[in-house]
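Read the structure below first, then the notes.
The values are calculated or read from the model by the stated rules, or taken from the named source; none is laboratory data. Because the structure is a prediction, the values reported are computed rather than measured. With ideal geometry, Cβ positions are generated from the backbone for all residues, glycine too; neighbour counts draw on all protein chains shown. Heads up: the accessible areas ignore ligands, DNA and RNA and are worked out on the full protein's heavy atoms, side chains in. Shrake-Rupley method; radii C 1.70, N 1.55, O 1.52, S 1.80 Å.
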Amino acid sequence: MKVRLLISILLFLLVSINGYAGSITFNHGENVKVKLQDAVYPQLLSFSPEFAYSNSTRYHLSESDFHFYLLTLNNSKYYLWIKDTNTDFEIEVSNPEMEEDNIVIVSIDQWQSGELNTPNSDLEKINAIDVYYALALDSLNKLATTDDTYSAEIDHKVIVWDHRSAKRLFNFSIEYFTQQFEEGLIYFSPAYALYWQLMYKLYYQYFHTNAFKGLTKMEMKSKIEDDFQNPESRLLVFHHFFRKGLPLLELEENYQLFRKDLSNREIKLAQSLIQNQKIKETSFNSNIDFIFGIDIDGAMEGYVARDSSQKQTVLVFWSIWNKDMATEFNLLADLKRDYNTKYNFVHICIDAYETPEKSKSFIYQNRVGGYHLMPEQSNAFRKSKYKKEFKIRDLPFYLIMDNEGEIIQTEAIPLMISDRLEEKLKMASTKK
């Protein structure tokens, strides 16, 4: 009896140390794939199953303030909410939708309709918040695509704002979408996060483009907190320091600097982002080659003459003094993986003549795969036909060149602001 009691105590202590709080098992057919992700940041945080068999998949539920997930069963998506995480649940995926005291599974369509009928008041509130911000996003997108006052340009289905239109749309959104909600719940609304990420883009990347110039990271955090009220400022601070495209070293530095200020959920999200970036950089085979030439025009003529790959080429004009290039090249790495069979990438550092060793070091440290041209003449860029013909002023600047050396597309908007370059790559890659 004493031995059994001792074993029970040890098991209880082991469970307490590991934070065990129940499990959820999905019973399914052999051809059904189950995926469980964070509802707000599904691309950032996916959960690994404890067991995955041909007919069932089991997830461990760790202790947390709130359990709200995106559940994917093959191509069908649902939101999953769990109240009592000390329970072991079993779900038959043939009929996954359910509403009980301790668990709710609802299809995305029903969630977005705003007609959620659940016994849990917190989930109803989150649904109301999410529907509100989803409608706000829809209204802003329609305004940006139908009214020239709020949109500078729509090219390849991507909206691009100028300084004035970004300011107008931001002010419009602040005036008409200012409803206050319960702070403890808004962070679990997917639409709320997307809405304020759009506000970040409008305010800092299009409107106040030099807002963080010359500031330390702690000063950047303080500025965001001065510009926006809590709780929005908290989400914007997290988004600024842990957004897509930041290189691994910067993410790790930000994590060490701000960890004490992060919630448990934000810590998990940041750790997942860092781990994903580590995997990405480890798996990326960055073949780095250099094109030698005193000037740009002559070097590129030689490149076109020697190239026998029949691929099109993306020319990337950049500057070593642009502090955002590490983020830009990190985002560009994703496009290189997706389009490596269609394009070669040639990176032209316009001021490499000033600090050639620093330029090379930057390329290797950031694993910038592809061809690199570092012209030796100080006036090489100023004299180049590319600068004159395409009026290149802002960097980075992209040119898409066919396999005969003719420029067929240009793009001046950085990847960290818009995905318009990707749309142009898609279009150009279909042309013969």
Next on the checklist: So for the stretch 278-294 (the condition being open to solvent by 40 Å² or more (accessible area, probe 1.4 Å), more than 26 Å from GLU404 (Cβ to Cβ), touching a residue at least 12 places away in the same chain (Cβ under 8 Å) and more than 20 Å from the chain's Cα centre (by Cα)), does at least one residue qualify?
Outcome noted: yes
Item to check | Of all residues in the stretch 309-361 being part of a helix (DSSP H, G or I), among the small types (Gly, Ala, Ser) and in contact (Cβ under 8 Å) with a residue 12 or more places away in the chain, the one that is surrounded by the fewest Cβ atoms within 10 Å (Cβ to Cβ) | outcome: ALA326
Item to check | Qualifying residue in the stretch 206-215 (condition: aliphatic (A, V, I, L, M), loosely packed, with under 15 Cβ neighbours inside 10 Å and more than 21 Å from LEU143 (Cβ to Cβ)) | outcome: yes
Checklist entry - Restricting the search to the stretch 77-109, which residues are within 26 Å of the chain's Cα centre (by Cα) and not aliphatic (A, V, I, L, M)? => result LYS77, TYR78, TYR79, TRP81, SER107, ASP109
Checklist outcome for this item: When the stretch 68-127 is checked residue by residue, the ones that are in contact with a helix residue (DSSP H, G or I) (Cβ under 7 Å, 6 or more places away or on another chain) and of a type in the set (Val, Ile, Thr) are VAL104, THR118, ILE126
Checklist entry - Looking only at the stretch 173-209, which residues are over 18 Å from HIS240 (Cα atoms), in contact with a helix residue (DSSP H, G or I) (Cβ under 7 Å, 6 or more places away or on another chain) and aromatic (Phe, Trp, Tyr)? => result PHE177, PHE181, PHE188
Next on the checklist: Of all residues being part of a loop (DSSP other than H, G, I, E, B) and of a type in the set (S, T, N, Q) in the stretch 45-77, which is most open to solvent (accessible area, probe 1.4 Å)? Just the residue, please.
Outcome noted: ASN75
Checklist entry - Which of the residues spanning the stretch 219-235 are part of a loop (DSSP other than H, G, I, E, B), open to solvent by less than 60 Å² (accessible area, probe 1.4 Å) and either more than 15 Å from TYR195 (Cβ to Cβ) or at pLDDT 95 or above (or both)? => result PHE228
Next on the checklist: For the stretch 236-267, give me each residue that is modelled with pLDDT of 95 or more, closer than 18 Å to TYR41 by Cα and in a helix (DSSP H, G or I).
Outcome noted: LEU236, VAL237, PHE238, HIS239, HIS240, PHE241, LEU251, TYR255
